[in-house]
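*Asks:* Have a look at this one.
Coordinate-derived values only; no laboratory data. If you're wondering where the values come from, they're calculated on a predicted model, not measured in any experiment. Glycine gets a Cβ as well: all are built from the backbone with ideal geometry, and neighbour counts include every protein chain shown.
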């Protein structure tokens, strides 16, 4: 989980991800950030995320992002 | 005789009265409702701004139905609208406002705080719509004085000196593009447009014209959907969208994710794309799956109103060759000029220049930039005739098809946005004073901006991002920062941009 938060902080250092319950709804990450994040996740965990899984519900919290990584075969 | 888009809109409304004009999420508006709201708002607006005509009015709203009402109301007031991106940093918006000096800015309750502490005339769209009452006589009288070379809208684009340039486009140039579109591709009221472009793109203005002139239905798709292609395709299906005009990036993503094989294929009959090069491999993915869809590669800078050349893909392209940008749209002439300002022969590379009604009127409040790009046709010494020099290097093959080669300068297209890399450098060096020397280059295959900077010690990416976000919208943010003790210099002692560009694009 910390690894995910660290990545988010790298992309958007100005936001406090710990205090948000929905990054998308709260506007913490936008479409450009999602593309950056997917690239980072795929590289770090050596996975390929299925396009079908790229939906807001999988990116709104660090838990859900971690779950997506697991679902895509990543070791997290 | 068509002079302005309002007269033609009124004719459309008569035919389409209770049909849906615009859909956004769960809300929608009919043609007659849209016209009435726009007229009400226009009359309130005229009450505030008085007799001024042909002076820009800014719109600071996200993409929603009321934004379209605001744009139409401004047109009804006989002034050009200038849409602003609500996600752009303050300084950049205020730089633009300072240059353009709009009569007023229309926004909503949620966004009005952005202008707190400024002296701009800030007006709320809901108040405009609700407080006004359409005065047909007033609107008609005003409109009767409007001519087709009066400006319809202003579109902002990146400028190398740190302040955006604002392109002024008139009604006539939009008609010119619409006449060609309708004649060539048969746009009519059976078209349902999947509108994904931000309201600051010229594609959005074209979609407005399709609605006003042809009676097409607009489905406003949230920009946030661009990062969720599966949802986006669902949205197309749900709304029976049959025409899209998008930038290739999103279509490339869909191809890379193989989504067309996993989700119902939307009922698209016509797909236009423009704004950047569509890699042929990913294009073929779309082409091979969507057998009943016509694909068209469009090309053109904002300064000539949407696009000036097109390539309708009628046979399967060779996977190893880029798509041509094709042939001129009707009533547009393309001149390819070499360094001596002579016409290039077949196969010879030169600068693409445009001649015709489609030319913009220039950059608003910026005569120097205007006279540098809008120049006398060097082939014509008999009478004044303006051409626009695009700065794009192209060649024409033996079949008469034009092919794009690259740029003369450091302008790039990234996610459909036009960016002067020099602007990023200028702000980092002179305004933020983060570095003394730097060079921004574009990685074409990974579609990202890379910044090389000269310094003794590293600056973290987070520090760069924190500083840059106060000046630039997200799409202008470099994704990679590379420190060098000394940037390479060429024989004249200037930073060797070409070498860095080569290095960046060779590594992949």
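*Asks:* Would you mind calculating the relative contact order of chain B from Cα pairs under 8 angstrom and at least 6 residues apart, reporting the percent as a whole number?
*Replies:* On the way: 1002 pairs, mean separation 59.3, N = 508.
The normalised contact order for chain B reaches 12 percent.
*Asks:* Could I ask something else about it? At R0 = 30 Å, how high is the FRET efficiency between residue A:75 and residue A:25 if r is their beta carbon distance? Nearest 0.05 is fine. Mind dumping the intermediate values first?
*Replies:* Numbers: r = 29 Å, r/R0 = 0.97.
Using R0 = 30 Å, I get an efficiency of 0.55.
*Asks:* Quickly work out the residue B:112-to-residue B:315 label distance, labels modelled 7 Å from Cα along the C-beta direction, and quote it in nm with one decimal.
*Replies:* Those two pseudo-labels are separated by 6.2 nm.
*Asks:* Hey, what angle do you get for helix B:65-76 against the long axis of chain B, alpha-carbon based, 0 to 90 degrees rounded to 10?
*Replies:* That helix lies at roughly 80 degrees to the long axis.
*Asks:* So, in nm, how far is label residue B:240 from label residue B:179 when the simple model puts each one 7 Å beyond its Cα toward the Cβ?
*Replies:* The answer from the label model is 3.3 nm.
*Asks:* How well do other chains shield peptide A:27-37, expressed as the mean number of their Cβ atoms within 10 Å of each residue Cβ?
*Replies:* Working: counts 2, 0, 2, 8, 11, 9, 3, 4, 8, 4, 1.
The shielding value for this peptide is 5.
*Asks:* When DSSP assigns beta bridges and you keep just the ones with both residues in the protein assembly as shown, what percent turn out antiparallel, to the nearest 5? Kindly include the intermediate steps, with their values, before the conclusion.
*Replies:* Working: 51 of 84 bridges.
Among the beta bridges of the protein assembly as shown, antiparallel pairing accounts for roughly 60 percent.
*Asks:* Also, quick follow-up: Is there a simple number for the mean count of other chain Cβ atoms within 10 Å of the Cβ of residues in B:224-232, and what is it? All intermediate terms of the calculation are to be shown ahead of the outcome.
*Replies:* Working: counts 7, 2, 5, 14, 10, 4, 6, 4, 0.
Whole-number average of other-chain Cβ neighbours for B:224-232 is 6.
*Asks:* Relative to the longest principal Cα axis of chain A, at what angle does helix A:31-44 sit, 0 to 90 degrees, rounded to 10?
*Replies:* For A:31-44 against chain A, the angle is about 40 degrees.
*Asks:* Using Cα atoms only, what is the angle between the long axis of helix B:280-289 and the major principal axis of chain B, expressed in degrees (0 to 90) to the nearest 10?
*Replies:* The angle comes out at about 40 degrees.
*Asks:* To continue, here is another question. Dimensions of the stretch B:397-508 along principal axes (Cα, Å, largest first)?
*Replies:* Rounded to whole Å, the extents work out to 53, 34, 26 Å.
*Asks:* Can you sort A:44, B:291 by how many other beta carbons sit within 10 Å, fewest first?
*Replies:* Numbers: A:44 14, B:291 7.
With the sparsest Cβ surroundings first, the list reads B:291, A:44.
*Asks:* Let me ask you something else. In Å and from the alpha-carbon atoms only, list the Rg and Dmax of the protein assembly as shown.
*Replies:* 23.9, 73
*Asks:* A further question on this structure: Ranked by Cβ crowding within 10 angstrom, fewest neighbours first, how are A:72, B:44 ordered? Provide the component values of the computation, followed by the final result.
*Replies:* On the way: A:72 18, B:44 21.
If I rank by nearby Cβ atoms, fewest first, I get A:72, B:44.
*Asks:* Which of B:407, B:330, A:12 has the fewest other C-beta atoms within 10 Å, and how do the rest follow up to the most? Please list the in-between numbers first.
*Replies:* Details: B:407 16, B:330 13, A:12 22.
With the fewest neighbours first, B:407, B:330, A:12 line up as B:330, B:407, A:12.
*Asks:* Now, a different point. From a point 7 Å beyond the Cα of residue A:50 in the direction of its Cβ, which residues of the stretch B:239-272 have a backbone N at a distance under 13 Å?
*Replies:* Residues B:258-259, B:261-263 fall inside that zone.
*Asks:* Top mean-square fluctuation among A:55, A:24, A:38, Gaussian network model of chain A, C-alpha springs under 10 Å?
*Replies:* So, out of A:55, A:24, A:38, the one fluctuating most is A:55.
*Asks:* Additional query: What distance in nm separates the two pseudo spin-label positions at residue B:430 and residue B:294, each 7 Å out from Cα along the beta-carbon direction?
*Replies:* Going by the 7 Å Cα→Cβ label model, 4.7 nm.
*Asks:* Over all residues in A:8-17, what is the mean tally of Cβ atoms on other chains that come within 10 Å of each residue's Cβ?
*Replies:* Numbers: counts 0, 1, 4, 5, 5, 8, 5, 0, 0, 0.
Other-chain Cβ atoms within 10 Å of each residue's Cβ, averaged: 3.
*Asks:* Need one number: convex hull volume per residue for the stretch A:1-73, Cα atoms only, in Å³.
*Replies:* Per-residue hull volume (Cα only) is 79 Å³.
*Asks:* Given a Förster distance of 30 angstrom, what is the FRET efficiency for residue B:458 paired with residue A:16, based on the Cβ-Cβ distance and rounded to 0.05?
*Replies:* On the way: r = 25 Å, r/R0 = 0.83.
After rounding to 0.05, the efficiency reads 0.75.
*Asks:* Provide the percentage of antiparallel DSSP beta bridges, counting only those with both residues in the stretch B:5-169; round to the nearest 5. Before the final figure, lay out the partial values.
*Replies:* Values: 9 of 20 bridges.
Around 45 percent antiparallel, to the nearest 5.
*Asks:* Would you mind telling me the antiparallel percentage of the DSSP bridges in chain B, rounded to 5? Walk me through the numbers on the way to the answer.
*Replies:* Values: 51 of 84 bridges.
DSSP beta bridges in chain B are roughly 60 percent antiparallel.
*Asks:* Order of B:109-115, B:277-283 by packing, highest average Cβ count within 10 Å first?
*Replies:* Values: B:109-115: 14.0, B:277-283: 17.7.
With the highest mean Cβ count within 10 Å placed first, the list reads B:277-283, B:109-115.
*Asks:* Length gain on complete extension for the stretch residue B:25 to residue B:405, per 0.36 nm per residue less the alpha carbon to alpha carbon distance?
*Replies:* Details: separation 380, 0.36 × 380 = 136.80 nm, distance 4.02 nm.
Working it through step by step, the gained length comes to 132.8 nm.
*Asks:* Right, next: Add -39500 (n - 2.57) for each DSSP H run of 4 or more in chain B, then divide by its residues: what number comes out at 222 nm, to the nearest 500 deg cm²/dmol?
*Replies:* Values: 15 runs with 153 residues, N = 508.
Theoretical 222 nm ellipticity from helices: -9000 deg cm²/dmol.
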